[in-house]
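Below is one structure, written out as structure tokens; comments come after it.
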Amino acid sequence: MKKYLFYILIGAVFFAYVLCRAFWLSVTYDEAWTLACFVPCSIKDVFLFVPCDANNQILNTLFIKLFFKLGFNSVGIARLPNVLAFILYMVYGAKIARRNFGPLAALCLFVLLVANPFVLDFFSLARGYGLALAFMLTSVYYVMEFHRQWRIKPLVLALLFASLAVLSNFTLLNFMVAAMGILIFVSWAKTGFGKQTVWVLCWNLAAAACLAWLIYTPLHKLILNHSLYYGGSSGVFFDSLVSLVAYSMYDPYHTAQATILAGLGCGVFVALLVFSAVATLRKPQKWWLNRPFLFVALLLVPMAANVVEHVVFGTLFLIDRTALFYIPLLFLALVALVNDVDSGWRAPWLKWGLGCVTLIMLLNFAMHANGYKTVSWQFDAHTKAILQQLDAEGKAKNKRITIDYSWPFESAIHFYIDHKVFKNLSIWKMSDDRESMNPKVGYYFYYNKSLNIVGYNADEQTIVHCQKDTALAFERDGVFLFKNIK
């Protein structure tokens, strides 16, 4: 227990942060959509995607249904599966770190895995991303255990948890491909193409067949309905890496600094990769069985798969939250390369550099830690608090206050009103009409930042051209509440 004391103390702090936010944060657009449209469905319809939308992340929906069936029904309870998944994420993050690296590198890796505010957002939300990250990291652990010693147990568990990651979020399909390929490769490299490798192939085929049986219909429907629209077309660097840096800095609207940092990071990563490769080739053992090679492959194979999919099928590149799983894989590969170059070239200063990066990540977390918003759904940061204030006003004046909104607020506002959380508020019924304003609307929620990827242009909203007074303004988050609209 003593050897894990620092991990437990650090983990307890971050778990408290995740848990508190799960009960403090206002419901977000995608969460409200899931709770309203998919959780009430039957288990069969959840798997068959009836109704069809990428917002239905299968295991997340099923876990929420389970908790609600137990008699608990609230946004905070709906988020508990991901909160609990954070424990699994930390446990296997610590196990990977302790099992594969020295004390300093291991502790730095653990902090890097848990100190990213963008990653932590999804362990406090009722989405599938937190579950997917936890299952993925568990799978990585068993992939490395299989590399350490050929046994059926880690092979089966690696495939099982990779499959669960996919069922939590379909963006993990490329990770599943990487894990399967590496398991086959390791078996072949260690034992040749004999009985043992045939067993690995059979287990991989069985896992792939079972997963295909479960997700073929959902994926087919999503493709036919053009529901996989959230992505980019500029490449892995600009779409995936730059967006991940920007969101990790909690500032997705200013990408210039993120582009520079992503470029520097890629340069350092490539340099470490070259030095690691040279150091490994100087050693007598097979370079392809080197642990850093496997950690790097777990990162680069999914990225390469995304490129191939884009070229062959026109699939969009993963961006921000859909590329979220790259972050822990990137840190695993980075620490593995630093560790390998340090031992191969006797460069202890690299460990100090890793320590500095870790401190910078801790500082970044400290700067952006909060109890009221997420970076992906900033517009919902104040929705619940504003509705509480308006409801109190309606109660004091003994009247029902009518509200309207820019459409990013729609899902969360409808969730609270439809669930009768605020009984003194009502929504203007003509909510689909964006060309006119209802003069009887008491208050209007407006978001002044465009969301181009989903077609929201803040400057084209009708409210912009109306006379109005500002009742509340949260300028940093882009949220405004208007009144006296003419």
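Every number here is computed from the coordinates shown, using simple stated rules; none is lab data. Small disclaimer: the values here were computed from a predicted structure and weren't measured. With ideal geometry, Cβ positions are generated from the backbone for all residues, glycine too; neighbour counts draw on all protein chains shown.
Out of all DSSP beta bridges in the chain, what portion is antiparallel? Express it as a percent rounded to 5. Can you show the working numbers first?
On the way: 12 of 18 bridges.
Among the beta bridges of the chain, antiparallel pairing accounts for roughly 65 percent.
So what is the 222 nm mean residue ellipticity for the chain from helices alone, if each DSSP H run of at least 4 adds -39500 (n - 2.57) and you divide by all residues, rounding to the nearest 500 deg cm²/dmol? Provide the component values of the computation, followed by the final result.
Working: 19 runs with 295 residues, N = 486.
Calculated from helices alone, the mean residue ellipticity at 222 nm is -20000 deg cm²/dmol.
Using the number of other C-beta atoms within 10 angstrom as an exposure proxy, rank Ser26, Ser139 with the fewest first.
Details: Ser26 23, Ser139 27.
Ranked by crowding around the Cβ, least crowded first: Ser26, Ser139.
Principal-axis analysis of the Cα atoms of the chain puts helix 5-24 at an angle of about 20° to the longest axis.
Amide H contacts for Tyr456 (H built 1.01 Å from N in the peptide plane; partners 5 or more residues away or on another chain; cut-off under 5 Å): Leu451. The angle separating the long axis of helix 173-191 from the principal Cα axis of greatest extent in the chain is about 10 degrees. If you wrap segment 229-374 in the convex hull of its Cα atoms and look at it from every side, the mean projected area works out to 10.0 nm². Across segment 53-66, computed HN-Hα scalar couplings (Karplus, 6.51 cos²θ - 1.76 cosθ + 1.60, θ = phi - 60°) run 6, 5, 5, 7, 9, 3, 5, 4, 4, 5, 5, 5, 4, 4 Hz from first to last residue, x flagging Gly and Pro.
Just round it to a whole percent: the fraction of Cα-Cα distances in segment 84-236 exceeding 25 Å. Present the calculation step by step, with values, prior to reporting the outcome.
Values: 4368 of 11628 pairs.
Cα-Cα pairs in segment 84-236 separated by more than 25 Å: 38 percent.
Across all directions, the shadow cast by the convex hull of the chain built on its C-alpha atoms averages 24.6 square nanometres.
Can you tell me what percent of all Cα-Cα pairs in segment 442-486 are more than 11 Å apart? Working shown, then result.
Working: 651 of 990 pairs.
Counting every Cα pair in segment 442-486, those more than 11 Å apart make up 66 percent.
Against the longest alpha carbon principal axis of the chain, how many degrees, from 0 to 90 and to the nearest 10, is the axis of helix 195-224 turned? In the chain, helix 195-224 runs at an angle near 20 degrees to the longest axis.
Two decimals, Cα atoms only, Kirkwood Rh: what is Rg/Rh over segment 298-342? Walk me through the intermediate numbers first.
On the way: Rg = 12.8 Å, Rh = 11.6 Å.
Result: Rg/Rh = 1.10.
Across segment 143-154, coupling constants 3J(HN,Hα) worked out from phi with the 6.51/-1.76/1.60 Karplus curve, θ = phi - 60°, read 4, 5, 5, 5, 5, 5, 8, 5, 8, 5, 4, x Hz, and Gly and Pro carry x. Counted by neighbouring Cβ atoms within 10 Å, the residues Val13, Val479, Val186 run from fewest to most as Val13, Val186, Val479. Note on Lys373: lysines with a C-alpha under 22 Å away, same-chain residues under 8 apart excluded, are Lys384, Lys449.
For Asn225, nonlocal amide neighbours, meaning residues 5 or more places apart or on other chains whose placed amide H falls under 5 Å from its own, do not occur. Fewest neighbouring Cβ atoms within 10 Å first, the residues Ser168, Ser74, Ser248, Ser233 line up as Ser233, Ser74, Ser248, Ser168. Across all Cα pairs in segment 337-486, the calculated P(r) in 10 Å bins from zero up to the longest distance comes to 10, 32, 25, 11, 9, 8, 5, 0 percent per bin.
Does segment 326-376 come out rounded, prolate or oblate, given a ≥ b ≥ c as the square roots of the eigenvalues of its C-alpha gyration tensor, rounded meaning a/c under 1.5 and, failing that, prolate meaning a/b above b/c?
Values: a/c = 6.48, a/b = 2.19, b/c = 2.96.
Here segment 326-376 falls in the oblate category.
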